[in-house]
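K.L.:
I'd like to ask some things about the structure below.
The values are calculated or read from the model by the stated rules, or taken from the named source; none is laboratory data. For clarity, every value in this text was computed on a predicted model and none was experimentally measured. Here the Cβ positions follow ideal geometry from the backbone for every residue, glycine too, while neighbour counts run over all protein chains shown. With ligands, DNA and RNA removed, areas are computed over all heavy atoms of the protein, side chains included. Shrake-Rupley method; radii C 1.70, N 1.55, O 1.52, S 1.80 Å.
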Amino acid sequence: MNISTGAHLTYPHANGFHAGGERLVVTRWDPDRLATGFASVAWRSPGEADPREVCGLPDRCAKEGTVWFDVARAAERLAAVWDDALHVVDLADHAAEPETVYRAPAGRTLQGLVSISASGDRVLFSEESPGAYTLLEMDVDTGGVRELHTRDWWANHAHYCPADEEWIGFSHEGPTETVPDRVWARHAVEMPEGRCVLKQPEGLCFGHERWAHHAVGAVVVAYGVSPAEPRGLYWTSPDEPSGRLLSRGDRYWHCDISRDGTLAVVDTTGPADRPGKGWDGADGVADVLLVDLAEGRTTPLARTRATRHPAHPHPVFAPDGSAVLFNDLGADGTLSVTRVDLP
């Protein structure tokens with residue numbers, strides 16, 4: 001079911017749901033102007049959607065292509081980066097303007113991905129300067145900013161672990177064939193300097209980790225480009241860094257995990273029912289698959305198309321586990337948010 005036309009979901013490890021899980025924030029998308037603003041829709045009943053504009057984005061954001069955001073799970077507060085500044089928006093006040101709470105100093109830039117705590121009082125964001133990647137945390141109410149760490153390699157995808165927000169996951173970004181330590185975590189007491197928490201077997205290329213709600217750990221994809229096997233969906237954690245295979249798959253791409261930890265959802269780099277791995281014979285097709293984590297078996301949910309960001313399916317679970325939502329690229333190039341109800 002189409003939830004919102006001309007729009008897309010936020011990044012898979014971020015949250016777009018608010019109002020007790022009844023409403024969904026999406027990025028409005030124009031193929032010519034690119035990201036134009038955020039809107040909130042009633043995702044359960046799109047026929048009575050009552051779409052509400054959250055805020056518009058300046059035209060200069062078009063050069064950035066995609067503007068991601070994160071919504072606090074237990075507060076009506078949204079955080080996002082555009083124009084090299086961190087902004088927060090009060091979702092409870094429909095007339096509220098975005099508040100600029102931090103701007104990158106001269107010579108530095110802000111990464112586009114942010115993470116906001118469940119209560120909405122803290123935001124993680126990353127700042128780059130030549131040869132340095134710094135993770136910062138802001139106390140939104142006081143405006144205080146503290147540096148958590150600086151790396152001399154490309155560190156990004158930082159997000160709070162929903163199961164325990166004292167844990168922060170982040171990644172060593174780069175070509176997956178040459179980065180052997182993708183998945184990292186930080187804890188102020190247990191590992192204040194951060195540590196790689198996935199000992200990647202040789203020949204497996206990992207990425208797109210998503211930290212879980214039910215336990216301190218993450219699901220992560222061993223991509224189809226991996227020369228070794230078994231490719232597919234893995235579980236890793238600070239206590240289980242060797243990685244545990246959950247489901248075999250030669251085309252898995254992005255992933256999400258249900259809040260009770262029993263199901264996962266993945267999209268694919270090509271048709272899941274045809275031979276090949278990675279992008280072999282993909283033909284612009286992407287499937288959305290439901291994964292039973294107890295058995296590793298998959299159930300097809302939908303087939304769509306995929307091109308460059310933001311036209312990746314990026315499937316996610318609804319908070320109550322009743323549905324999967326994904327970005328659906330039509331043959332005419334229109335991008336929409338689609339819902340598939342689960343049994």
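K.L.:
What list of ³J(HN,Hα) values in whole Hz, one per residue of the stretch 115-124 in order, does the Karplus curve 6.51 cos²θ - 1.76 cosθ + 1.60 (θ = phi - 60°) give from phi, with Gly and Pro shown as x?
P.N.:
9, 10, 5, 4, 7, x, 8, 10, 9, 8
K.L.:
Under 1.5 on a/c is rounded, so check that first for the stretch 269-315, then, if it is not, pick prolate when a/b is larger than b/c and oblate when it is not; a ≥ b ≥ c are the square roots of the alpha carbon gyration tensor eigenvalues.
P.N.:
Working: a/c = 2.35, a/b = 1.43, b/c = 1.64.
Here the stretch 269-315 falls in the oblate category.
K.L.:
Of W184, W43, which has the most accessible area with a 1.4 Å probe, and how do the rest follow in descending order? Can you show the working numbers first?
P.N.:
Numbers: W184 30, W43 5 Å².
Result, largest first: W184, W43.
K.L.:
For the stretch 261-276, in order, what is each residue's ³J(HN,Hα) by Karplus, 6.51 cos²θ - 1.76 cosθ + 1.60 with θ = phi - 60°, in whole Hz (x at glycine and Pro)?
P.N.:
Result, rounded to whole Hz: x, 9, 10, 10, 9, 10, 10, 10, 9, x, x, 5, 9, 10, x, x.
K.L.:
Given H placed 1.01 Å from N in the peptide plane, which residues other than close sequence neighbours of R231 have an amide H under 5 Å from its amide H?
P.N.:
The answer is G249.
K.L.:
OK, next. With springs only between Cα atoms under 10 Å apart, run a GNM on the chain and tell me which of P130, P180, P31 wobbles the most.
P.N.:
Looking only at P130, P180, P31, the biggest GNM fluctuation is shown by P130.
K.L.:
Taking H as built 1.01 Å from N, whose amide H comes closer than 5 Å to the amide H of L342, not counting residues under 5 places away?
P.N.:
A323, V324
K.L.:
Counting other C-beta atoms within 10 Å, and keeping those with at most 13, which DSSP coil GluC sites (Glu not before Pro) do you find in the stretch 143-244?
P.N.:
Working: sites: E147, E165, E166, E173, E177, E190, E193, E202, E209; in loops: E165, E166, E173, E177, E190, E202.
Sparse-neighbourhood loop GluC sites (Glu not before Pro): E166, E177, E190, E202.
K.L.:
At 1.4 Å probe size, put C196, C55 in order of accessible surface, largest to smallest.
P.N.:
Numbers: C196 40, C55 10 Å².
From most accessible down to least: C196, C55.
K.L.:
Sticking with this one: Using alpha-carbon positions, what is the distance between the centroids of the stretch 203-237 and the stretch 298-327, in Å?
P.N.:
Computed from Cα coordinates, the inter-centre distance equals 18 Å.
K.L.:
Long-range amide H contacts for S226: which residues qualify at under 5 Å (H placed 1.01 Å from N, peptide plane, sequence gap of 5 or more or a different chain)?
P.N.:
C205
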